[in-house]
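To start, the structure under review is shown below, and the notes come after it.
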Amino acid sequence: MAGWILAWFYLTAIVCTWDASFIMLRPYSLPGGSLAFLWYLYKYYVPVDQRYGDIQDGYVFAQSLLNYVEVLINIVTIIMHYKASRYTTITAFTVTVMTFWKTVLYFLMFSEFCAGDTYRKGNTALEELLLVVIPNGIWIVVPLAIMFSLWTKLIPEIHDSFAQNGCHISKQAVGPSESVREAQKKIK
């Protein structure tokens, strides 16, 4: 796995744990709470993405549970990389697809199209761009780049996996075997 992809898995494990823990530890993690110092920068984010300040919002709670799952799979992927597992690429690809679509869904839930302005009241376009779109957009752009990078490695691995199991993939058109053709002739 390329070094930049491995670095991304380390980074996401840290950032997603930090972010999910903020949600799980509310109200203590909220600005003014006893643990707020651990999430100092969130005092700028919470007023713009107001879902983070709503303790009753089940969506951001569920999203954070998925963050923890993502972190576990990221850690497994890192371990698999160092053990040179043949499943590293498919696992990395899978968790990256999860990250990508989880972030796309979060953007949709933040949008007026899906959620109205319930969690965006009073925001300026600049605040949303700087505090929501750009930082969260990274979690779409980088996973997309990783998916493109890993995709080209998946196809040879799938082919090799079939070959190791005694299956042979021919470039010729696949049709009925000789015995099937003989049986078809007898039926006619």
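The values are calculated or read from the model by the stated rules, or taken from the named source; none is laboratory data. Because the structure is predicted, anything quoted here is derived from the model rather than measured. As a convention, Cβ positions derive from the backbone with ideal geometry for all residues, glycine included, and neighbour counts pool all protein chains shown.
Mind counting the residues in the range 1-50 that are more than 29 Å from Phe93 (Cβ to Cβ) and either in contact with a strand residue (DSSP E or B) (Cβ under 6 Å, 6 or more places away or on another chain) or not hydrophobic (A, V, I, L, M, F, W, C) (or both)? Break it down into steps so the answer makes sense when it comes.
If we filter the range 1-50 for residues that are more than 29 Å from Phe93 (Cβ to Cβ), which is where we start, we get 25-48, 50.
After this cut, where a residue has to be either in contact with a strand residue (DSSP E or B) (Cβ under 6 Å, 6 or more places away or on another chain) or not hydrophobic (A, V, I, L, M, F, W, C) (or both) as well, the list is 26-29, 31-34, 40, 42-45, 47, 50.
Going through the range 1-50 one residue at a time, the tally reaches 15.
Show the residue pairs that are 6+ apart or on different chains and have beta-carbon atoms under 8 Å apart, the first residue being within the range 25-36 and within 16 Å of Gln50 (Cα to Cα) and of a type in the set (A, V, I, L, M, F, W, C), the second being in a loop (DSSP other than H, G, I, E, B) and at pLDDT below 95.
If the second residue must be in a loop (DSSP other than H, G, I, E, B) and at pLDDT below 95, the pairs left are Leu30/Val46.
Taking the range 95-138 as the search range and keeping residues that are over 25 Å from Lys153 (Cα atoms) and of a type in the set (Val, Ile, Thr), which one is modelled with the lowest pLDDT?
Thr118
Please state which one of Ala92, Ala84 is modelled with pLDDT of 90 or more and under 13 Å from the mean Cα position of the chain (by Cα).
Just one listed residue meets the conditions, Ala92.
I'd like the full set of residues that are under 16 Å from the mean Cα position of the chain (by Cα) and under 17 Å from Pro31 (Cβ atoms), limited to the range 45-69.
Val60
Restricting to the range 36-62, and then to whatever is surrounded by fewer than 18 Cβ atoms within 10 Å (Cβ to Cβ) and outside any helix (DSSP H, G or I), can you tell me which residue is modelled with the lowest pLDDT?
Pro47
State which residue is farthest from Ile5 (Cα to Cα) when the search covers only the range 70-125 and only residues that are free of Cβ contacts under 8 Å to residues at least 24 places away in the same chain and of a type in the set (Asp, Glu).
Asp117
With the requirement that a residue be modelled with pLDDT of 60 or more and surrounded by 14 or more Cβ atoms within 10 Å (Cβ to Cβ), what does the range 146-179 give you?
Of everything in the range 146-179, those that are modelled with pLDDT of 60 or more and surrounded by 14 or more Cβ atoms within 10 Å (Cβ to Cβ) turn out to be Ile146, Met147, Ser149, Leu150, Lys153, Leu154.
Of the residues in the range 20-35, how many are part of a helix (DSSP H, G or I), surrounded by fewer than 18 Cβ atoms within 10 Å (Cβ to Cβ) and not polar (S, T, N, Q)?
So the first thing to find is which residues in the range 20-35 are part of a helix (DSSP H, G or I), and the list is 20-24.
Those left that are additionally surrounded by fewer than 18 Cβ atoms within 10 Å (Cβ to Cβ): 21, 24.
From the residues that got through so far, the ones that are not polar (S, T, N, Q) too are 24.
Of the residues in that region, 1 qualify.
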